[in-house]
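Trainee: This is the structure, below, for whatever I ask next.
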Protein chains: 2
Amino acid sequence: MRAYIITIGDEILIGQTIDTNAAWLGAQFNKRGVQVTKILSIKDEEAAIHMALDEAFVFADVILMTGGLGPTLDDITKQSLCTYFNVGMRLSESSLNSVEKFVKSRGYFLNENNRQQAMVPENATIIPNHMGTAPIMQFEKNGKYLFSMPGVPFEMKDAMEKSVFPFIESKFALKPVKHHTVMTFGMPEAFLAEQLESWANELPEFIHLAYLPSPKGIKIRLSVYDTNIPEWEDRLEVNIEKLRKLIPELIFSETDQNLETILFQSLKKHQLHLATAESCTGGLISQLITSNPGSSEVFKGSVVAYSNEIKSKILGVSENVLESEGAVSEEVVRSMAENIRFLFHVDCSIAVSGIAGPGGGSDNKPVGTTWIAVSVNGKTESRKFQFGSRRDINTERAAYSGMYMLFDLIKRTYEQ
Amino acid sequence: MRAYIITIGDEILIGQTIDTNAAWLGAQFNKRGVQVTKILSIKDEEAAIHMALDEAFVFADVILMTGGLGPTLDDITKQSLCTYFNVGMRLSESSLNSVEKFVKSRGYFLNENNRQQAMVPENATIIPNHMGTAPIMQFEKNGKYLFSMPGVPFEMKDAMEKSVFPFIESKFALKPVKHHTVMTFGMPEAFLAEQLESWANELPEFIHLAYLPSPKGIKIRLSVYDTNIPEWEDRLEVNIEKLRKLIPELIFSETDQNLETILFQSLKKHQLHLATAESCTGGLISQLITSNPGSSEVFKGSVVAYSNEIKSKILGVSENVLESEGAVSEEVVRSMAENIRFLFHVDCSIAVSGIAGPGGGSDNKPVGTTWIAVSVNGKTESRKFQFGSRRDINTERAAYSGMYMLFDLIKRTYEQ
C-alpha cells in the first residue's frame with residue numbers, strides 16, 4: 001500500500017503556517033507499517049490541485065489531502081474537486097445538521113458561511129467531523145481512495161483516528177514494519193557515529209540504521225522493513241544489546257518518548273517530587289514537565305527568577321554572591337537548586353542561569369554561557385555549558401541538558 | 001522567478017521530524033516577492049531524488065534542497081547528485097579546512113566521518129558553512145540553480161542569508177509583493193468572516209484576502225501580487241482603514257508578530273513590569289514572554305503553582321478559599337493575580353488556573369474549564385473560559401487568552 005499526502009494552502013508555501021499535519025500523518029502511517037511515499041505542499045489553486053492529484057492517483061493507493069475547506073473565499077478545494085471529477089455540488093444534510101449542533105454548542109447561530117460549508121461535491125462520501133464545521137470527504141477512483149480533510153490539526157486527527165484509518169485497514173492488508181528507537185543525549189552526531197562505527201558496519205543488511213539529531217538529543221533508529229527474514233527479531237535484539245553496552249551513559253530511553261516524559265516517569269517510579277528554579281529558560285523546563293498528563297503527581301511548581309531581585313528575594317540567593325560571582329555562576333545555580341527544594345518541600349530540583357542572547361554577553365561570559373545545577377535530596381551537582389549564539393536554541397539546549405542531568409543523577413542515586 | 005523546495009529525509013515522511021525548514025524558506029522567499037510554487041518532501045532514495053529534480057528543473061528557476069548531507073550512512077544526497085549530473089566526487093579542500101576548524105573549536109579532533117563530509121560532486125560550487133560541518137553546494141543546469149543544504153535549520157538559515165539569497169538577488173529581478181497582516185483575537189473564523197462579509201465583498205479584485213486561524217488568534221492577510229495597478233497603495237490603505245473601524249476590539253497588531261511580542265512591546269512602551277502566577281499553563285506564558293530578546297527589561301518572573309500547597313504557601317491564596325471554591329475558581333485566580341503583583345513588586349500580572357485534561361474534570365467543572373485574571377496596578381479583571389478536551393490546545397489557548405486580556409486592559413487603561 002502506497003500513500004501520498006497533499007497539503008493545500010498558500011499559508012504553507014509562504015511560511016505563515018508550519019505543516020505539522022503531514023508529520024502527524026506520516027507517523028501514524030508508519031506505525032501501521034506504511035511509509036508515506038511523498039508529501040506535496042501546493043497552492044490554493046485549481047491547476048496545482050489537479051496536477052498533484054494526477055500524480056498521486058498514479059503513484060499512490062491512498063491520498064490524504066488537507067486544507068482549503070474553510071468557510072471563506074480563499075478556500076477552493078471543494079470547487080477544484082468538482083472540476084477534477086467533473087461533478088456538481090450538493091447539500092449534505094448530515095453535514096448541515098452536525099454544523100448546526102456544533103455552532104449552537106458554542107453559543108452562536110447558523111449563518112450563511114456555515115450553510116456554504118455543508119455543500120459538497122456530488123460524488124463525495126461524507127465522514128463525520130466531530131470537532132468542527134468543515135465536512136470531511138471520501139472519493140474513490142479506480143480502486144484508489146482520496147480523503148479531503150480540514151487543515152485544522154485536531155479536526156483532521158480526530159477524523160483519521162475514528163474513520164479514515166479504520167477504513168484503510170479494512171481495505172488494505174498492511175505489512176508490519178519494525179522500528180526500534182534508542183534515545184541518546186550528550187554527544188554530537190559525528191562522534192557518536194565514530195564511537196559506533198564498527199558496530200554499525202557489522203549490522204546485518206536488513207537492519208536499517210538512522211541518526212536523527214535535535215537539541216532534544218540524538219535518536220538512533222533501527223528499522224526492519226522485511227519481516228520475512230529468518231530470526232529477524234532475535235538478530236535485531238542481539239544488535240540492540242550490543243549498542244546498549246557500547247554507550248550506556250548516553251542512552252535515556254528506548255521509546256519515541258521525549259526526555260520530559262522519561263524524566264516524569266522516572267520521578268513517578270521513585271516517588272520523587274520536583275520543582276525548578278529557572279532564569280534563562282524562562283519556565284521552559286516547567287512547561288515541558290507539565291506537558292505530561294498527570295504531572296501534578298510529581299511536579300509542585302517553579303519559580304522563574306528573571307531578575308536578580310527575585311533570585312535573592314524569593315529564592316534566597318545571597319546578594320553578596322550575586323554581586324561577586326554574577327547571576328550566571330556556579331554558586332548562584334547551586335544556591336537556586338538547593339533553596340527551591342527547601343522552599344517547595346521537594347526531593348528534586350533543577351536550576352538554570354545563563355546568557356541566552358543575543359545581548360548580555362561579555363568576554364568572560366559570552367552569549368551561550370550557562371550554569372545548571374540539579375539536586376536530589378542532599379546531593380547537588382553543577383555543570384557549565386557553552387552553547388551557541390541563538391536565543392531559542394540556547395534555551396532549548398539548557399532545558400534538555402538540565403532534565404538530562406537530573407535524570408542521570410536519579411539513575412545513579414536510585415538504580416545502581 | 002519560480003522556486004521549488006525539496007526536503008529529503010525518511011524522518012520527515014515517517015513524521016519523526018517536522019519540516020520547519022520549508023516554512024522558513026517559504027517565508028523568506030515571500031518577503032522577497034517570490035511565492036514558492038511547491039514543496040516536495042521525499043525519501044532518502046536515489047530514484048525519488050532524481051524524479052523530484054526532473055520536475056523541479058522544469059517548473060522552477062531556483063531549487064532549494066535540504067537534508068541528506070549528514071556524516072552517516074543513511075545520508076545519500078551527494079551520491080544521488082553525482083548520478084543525476086553524471087559526475088564523480090572530489091575532495092573540497094576549503095570544506096575540509098573549515099570542518100577541521102569547526103571540530104577543533106568544539107574540543108574534538110578530525111575523524112574519518114568528517115573527512116567523508118568534505119567529499120563533494122565534481123560540478124558543485126562550494127558555499128561556506130559557518131555553522132556546521134556539511135558542505136553547502138550550488139549547481140547550475142540550463143540557467144537554473146540548485147542549492148543543496150544541510151537539514152539542520154540554523155546551518156541552512158545562515159547559508160541562505162549570507163550566500164544563497166544574495167546570489168539569487170544578483171541573478172533574478174525579483175518582483176515586489178505586498179502583504180498586510182491584521183492580527184485578531186477572540187472570535188471564531190466563521191463569525192469573523194460573517195461580520196466582515198460586506199467589507200470583503202467590496203474589496204477590489206487585485207487585493208487578495210485570507211483568514212489564517214490558530215490558537216494564537218486569526219490572521220487576516222491582504223495581499224497585492226500585481227503592483228502595476230494604479231494607486232494600489234492608496235486603495236489598499238483605504239480598505240485596511242475600513243477594517244480597523246469594523247473590529248477595533250479584536251485587533252492587536254498589524255505586523256506578523258505574535259501576541260507575546262506585541263504584549264512585550266506594550267509593556268515596554270508604558271514602562272510596566274510583569275509577573276505571572278500560573279497553574280494549568282505550567283509556565284507557558286512566562287516562556288512565551290521570555291522568548292523576546294530583552295524581555296528582562298519588563299519581565300521579573302513567575303511562580304508556577306502546580307499544587308494547592310504552593311498556591312497557599314508561596315502565593316498566599318487563602319486555604320479556606322481553595323477549600324470552598326476549589327483551585328479553579330474566580331476567587332483563586334484573582335487572589336493569585338493580586339498577590340503575585342505584591343510579591344514580585346510589579347504593576348501587571350496574569351494568573352491562570354484551569355483543568356487542562358485529560359483527567360481532573362467533574363460535572364460542575366469539566367475538562368477545559370479555565371479561570372484567568374489579569375491585574376494592572378489596582379485594577380483586576382477576571383473571566384471564565386470553556387476550552388475543549390485537548391491538554392496541549394487548552395494550555396495554549398489559556399496562555400494566549402491571558403496575554404490578550406492583559407494587552408487589552410493595558411490598552412484601555414493607558415491609551416484611551
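The values are calculated or read from the model by the stated rules, or taken from the named source; none is laboratory data. Computed from a predicted structure; not experimentally measured. Glycine gets a Cβ as well: all are built from the backbone with ideal geometry, and neighbour counts include every protein chain shown. Remember, those area values only see protein heavy atoms, side chains included, never the ligands or the DNA or RNA. Shrake-Rupley method; radii C 1.70, N 1.55, O 1.52, S 1.80 Å.
Trainee: When you go through A:ILE12, A:ILE18 one by one, which is the residue that is under 25 Å from B:ASP44 (Cα atoms), part of a loop (DSSP other than H, G, I, E, B) and open to solvent by 10 Å² or more (accessible area, probe 1.4 Å)? If you could, list the steps in order and put the result at the bottom.
Mentor: Numbers: A:ILE12 fails: part of a loop (DSSP other than H, G, I, E, B).
Residue meeting the stated conditions: A:ILE18.
Trainee: Within the stretch B:377-413, how many residues are in contact (Cβ under 8 Å) with a residue 60 or more places away in the chain and in contact with a helix residue (DSSP H, G or I) (Cβ under 9 Å, 6 or more places away or on another chain)?
Mentor: So the count comes out to 13.
Trainee: Right, another one. Which of the residues belonging to the stretch A:293-344 are at positive phi and under 32 Å from the mean Cα position of the chain (by Cα)?
Mentor: Residues satisfying the conditions are A:GLY294, A:GLY301.
Trainee: For A:SER98, all conditions in the list (1) touching a residue at least 24 places away in the same chain (Cβ under 8 Å); (2) within 17 Å of A:LEU81 (Cβ to Cβ) hold save one; what is the number of the exception?
Mentor: Single failed check for A:SER98: (2).
Trainee: Does A:MET89 satisfy the condition of being buried (at least 16 other Cβ atoms within 10 Å of the Cβ) and not hydroxyl-bearing (Ser, Thr, Tyr)?
Mentor: When the stated conditions are applied, A:MET89 does not pass them.
Trainee: Scan the stretch B:15-26 and give yes if some residue there is without any contact (Cβ under 8 Å) to a residue 60 or more places away in the chain, over 15 Å from A:ALA23 (Cβ atoms) and either at the interface with another protein chain (Cβ under 8 Å from one of its Cβ atoms) or among the charged types (D, E, K, R) (or both), otherwise no.
Mentor: yes
Trainee: Which one is nearest to the chain's Cα centre (by Cα) among residues in the stretch B:139-151 that are open to solvent by 50 Å² or more (accessible area, probe 1.4 Å) and not polar (S, T, N, Q)? Before the answer, list the steps.
Mentor: Initial filter on the stretch B:139-151 (open to solvent by 50 Å² or more (accessible area, probe 1.4 Å)): B:140-142.
Still in the list and also not polar (S, T, N, Q): B:140-141.
Working: B:GLU140: 32, B:LYS141: 34 Å.
Checking each candidate, the answer is B:GLU140.
Trainee: Report, by residue number, each residue of the stretch A:32-48 that is within 12 Å of A:THR66 (Cα to Cα), assigned to a loop (DSSP other than H, G, I, E, B) and at the interface with another protein chain (Cβ under 7 Å from one of its Cβ atoms).
Mentor: The answer is none; no residue qualifies.
Trainee: Quick check on this structure: which one of B:GLY316, B:GLY301 is within 14 Å of another protein chain (Cβ to nearest Cβ) and closer than 28 Å to A:ASP392 by Cα?
Mentor: Exactly one of B:GLY316, B:GLY301 is within 14 Å of another protein chain (Cβ to nearest Cβ) and closer than 28 Å to A:ASP392 by Cα, namely B:GLY301.
Trainee: Using the structure shown, decide if A:GLU260 is of a type in the set (Asp, Glu), open to solvent by less than 40 Å² (accessible area, probe 1.4 Å), in a helix (DSSP H, G or I) and at negative phi.
Mentor: Values: of a type in the set (Asp, Glu): yes; open to solvent by less than 40 Å² (accessible area, probe 1.4 Å): yes; in a helix (DSSP H, G or I): yes; at negative phi: yes.
For A:GLU260, the condition - of a type in the set (Asp, Glu), open to solvent by less than 40 Å² (accessible area, probe 1.4 Å), in a helix (DSSP H, G or I) and at negative phi - is met.
Trainee: Would you point out the residue of the stretch B:152-188, among those that are within 30 Å of B:GLN386 (Cα to Cα) and polar (S, T, N, Q), that is surrounded by the fewest Cβ atoms within 10 Å (Cβ to Cβ)?
Mentor: The extreme case among them is B:THR181.
Trainee: Tell me yes or no: at least one residue of the stretch B:375-383 is within 22 Å of A:GLN287 (Cα to Cα) and among the hydrophobic types (A, V, I, L, M, F, W, C). Walk me through how you get there before you give the answer.
Mentor: To start, the set of residues in the stretch B:375-383 that are within 22 Å of A:GLN287 (Cα to Cα) comprises none.
Within the stretch B:375-383, none of the residues are within 22 Å of A:GLN287 (Cα to Cα) and among the hydrophobic types (A, V, I, L, M, F, W, C).
Trainee: Considering each of B:TYR225, B:TYR211 in turn, give the residue that is surrounded by 15 or more Cβ atoms within 10 Å (Cβ to Cβ), among the hydroxyl-bearing types (Ser, Thr, Tyr) and either modelled with pLDDT of 90 or more or within 29 Å of A:ASN111 (Cα to Cα) (or both). Lay out the reasoning, then the answer.
Mentor: Details: B:TYR225 fails: either modelled with pLDDT of 90 or more or within 29 Å of A:ASN111 (Cα to Cα) (or both).
None of the other options fit; the residue is B:TYR211.
Trainee: Looking only at the stretch B:271-284, decide whether some residue is at the interface with another protein chain (Cβ under 7 Å from one of its Cβ atoms) and either part of a loop (DSSP other than H, G, I, E, B) or more than 24 Å from the chain's Cα centre (by Cα) (or both).
Mentor: Filtering the stretch B:271-284 for residues at the interface with another protein chain (Cβ under 7 Å from one of its Cβ atoms) gives B:282-284.
Those still in the list that are either part of a loop (DSSP other than H, G, I, E, B) or more than 24 Å from the chain's Cα centre (by Cα) (or both) too: B:282-283.
Yes - at least one qualifying residue is present in the stretch B:271-284.
Trainee: Could you run through the stretch B:128-143 and say how many residues are assigned to a strand (DSSP E or B) and either facing chain A (nearest Cβ under 10 Å) or touching an Asp or Glu at 6+ places or on another chain (Cβ under 7 Å) (or both)?
Mentor: So the answer is 0.
Trainee: Does the stretch B:189-205 hold any residues that are surrounded by fewer than 16 Cβ atoms within 10 Å (Cβ to Cβ) and in contact with a Phe, Trp or Tyr (Cβ under 9 Å, 6 or more places away or on another chain), and which are they?
Mentor: Listed by number, the list holds a single entry, B:PRO204.
Trainee: Condition (residue is part of a helix (DSSP H, G or I) and among the basic types (Lys, Arg)) applied to the stretch A:293-315: is it met by at least one residue?
Mentor: Looking through the stretch A:293-315, at least one residue is part of a helix (DSSP H, G or I) and among the basic types (Lys, Arg).
Trainee: If you don't mind, there's one more thing I want to ask. Please state which one of B:GLU237, B:GLU254 is free of Cβ contacts under 8 Å to residues at least 60 places away in the same chain, among the charged types (D, E, K, R) and surrounded by fewer than 21 Cβ atoms within 10 Å (Cβ to Cβ).
Mentor: None of the other options fit; the residue is B:GLU237.
Trainee: Show the residue pairs meeting these rules: Cβ distance below 6 Å; 6+ apart or different chains; first residue within the stretch A:116-129 and without any contact (Cβ under 8 Å) to a residue 40 or more places away in the chain and polar (S, T, N, Q); second residue buried (at least 16 other Cβ atoms within 10 Å of the Cβ) and in a strand (DSSP E or B).
Mentor: A:THR125/A:GLN138; A:ASN129/A:ILE136
Trainee: Restricting attention to the stretch B:355-408, which residues are open to solvent by 40 Å² or more (accessible area, probe 1.4 Å) and of a type in the set (S, T, N, Q)?
Mentor: Within the stretch B:355-408, B:SER362, B:ASN364, B:ASN377, B:GLN386, B:SER389 meet the criteria.
Trainee: Please name all residue pairs, on different chains or six or more residues apart, with Cβ atoms under 7 Å, provided the first residue is in the stretch A:51-65 and is farther than 11 Å from A:TYR145 by Cβ and in contact (Cβ under 8 Å) with a residue 12 or more places away in the chain and the second residue is open to solvent by 30 Å² or more (accessible area, probe 1.4 Å) and of a type outside the set (A, V, I, L, M, F, W, C).
Mentor: A:LEU53/A:TYR84; A:PHE59/A:ARG2; A:PHE59/A:THR37
Trainee: In this structure, does A:SER382 turn out to be more than 9 Å from chain B (Cβ to nearest Cβ), outside any strand (DSSP E or B), over 30 Å from B:ARG341 (Cβ atoms) and among the hydroxyl-bearing types (Ser, Thr, Tyr)? Spell out how you get there, then give the answer.
Mentor: Numbers: more than 9 Å from chain B (Cβ to nearest Cβ): yes; outside any strand (DSSP E or B): no; over 30 Å from B:ARG341 (Cβ atoms): yes; among the hydroxyl-bearing types (Ser, Thr, Tyr): yes.
When the stated conditions are applied, A:SER382 does not pass them.
Trainee: Another one. Tell me, yes or no, whether the stretch A:268-276 has at least one residue that is surrounded by 24 or more Cβ atoms within 10 Å (Cβ to Cβ), at pLDDT 95 or above and under 26 Å from A:SER324 (Cβ atoms).
Mentor: Yes, there is a match, as at least one residue in the stretch A:268-276 is surrounded by 24 or more Cβ atoms within 10 Å (Cβ to Cβ), at pLDDT 95 or above and under 26 Å from A:SER324 (Cβ atoms).
Trainee: Considering only the stretch B:282-300, I want to know if a residue exists there that is over 26 Å from A:GLY368 (Cα atoms), in contact (Cβ under 8 Å) with a residue 40 or more places away in the chain, open to solvent by 10 Å² or more (accessible area, probe 1.4 Å) and not aromatic (Phe, Trp, Tyr).
Mentor: Within the stretch B:282-300 (the criterion being over 26 Å from A:GLY368 (Cα atoms), in contact (Cβ under 8 Å) with a residue 40 or more places away in the chain, open to solvent by 10 Å² or more (accessible area, probe 1.4 Å) and not aromatic (Phe, Trp, Tyr)), the answer is no, since none of the residues qualifies.
Trainee: With respect to B:ILE340, determine if the residue is in a strand (DSSP E or B) and either surrounded by 17 or more Cβ atoms within 10 Å (Cβ to Cβ) or within 14 Å of chain A (Cβ to nearest Cβ) (or both).
Mentor: On the way: in a strand (DSSP E or B): no; either surrounded by 17 or more Cβ atoms within 10 Å (Cβ to Cβ) or within 14 Å of chain A (Cβ to nearest Cβ) (or both): yes.
In short, no.
Trainee: If we keep just the residues of the stretch B:283-330 that are touching a strand residue (DSSP E or B) at 6+ places or on another chain (Cβ under 9 Å) and of a type in the set (Asp, Glu), which is farthest from A:SER349 (Cα to Cα)?
Mentor: Going through the qualifying residues, I end up with B:GLU330.
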